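A.B. asks: Here's a structure for you.
The values are calculated or read from the model by the stated rules, or taken from the named source; none is laboratory data. Small disclaimer: the values here were computed from a predicted structure and weren't measured. Backbone-built Cβ (ideal geometry, glycine too); neighbour counts: all protein chains shown. Just the protein is used for accessible areas: all its heavy atoms, side chains included, with ligands, DNA and RNA removed. Shrake-Rupley method; radii C 1.70, N 1.55, O 1.52, S 1.80 Å.
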Amino acid sequence: MTTGSDGQQCTLTASVSCPSVATASPACTVTFYDSASSAIVGTAPLKGMSASISFILASGTHTFYAAFTP
């Protein structure tokens, strides 16, 4: 991700790489979190081997992580 400013739209994409993902159910999701607060930023369905969300960036410095749910 490049540096953004308060109120700017931001897109996060997570790529999932594991043998079981190729046969994963359509209900598989990726949840994106803001590390500072552990708040959920959004959840997206897995499409192929990746999932993406777009949201409005709040002020401050952020680090994000994603979790895959089969």
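A.B. asks: Could you list all residues from the stretch 48-68 that are surrounded by 11 or more Cβ atoms within 10 Å (Cβ to Cβ) and out of contact with any Asp or Glu (no Cβ under 7 Å at 6 or more places or on another chain)?
C.D. replies: Scanning the stretch 48-68 gives Met49, Ser50, Ala51, Ser52, Ile53, Ser54, Phe55, Tyr65, Ala66, Ala67, Phe68.
A.B. asks: Can you name the residue in the stretch 4-26 that is part of a loop (DSSP other than H, G, I, E, B) and open to solvent by 80 Å² or more (accessible area, probe 1.4 Å) and, of all such residues, is modelled with the highest pLDDT?
C.D. replies: Only one residue fits best here, namely Gln8.
A.B. asks: Looking at the stretch 40-70, which of the residues that are of a type in the set (Val, Ile, Thr) and in a strand (DSSP E or B) is farthest from Ser17 (Cα to Cα)?
C.D. replies: So, considering only residues that are of a type in the set (Val, Ile, Thr) and in a strand (DSSP E or B), the one farthest from Ser17 (Cα to Cα) is Ile56.
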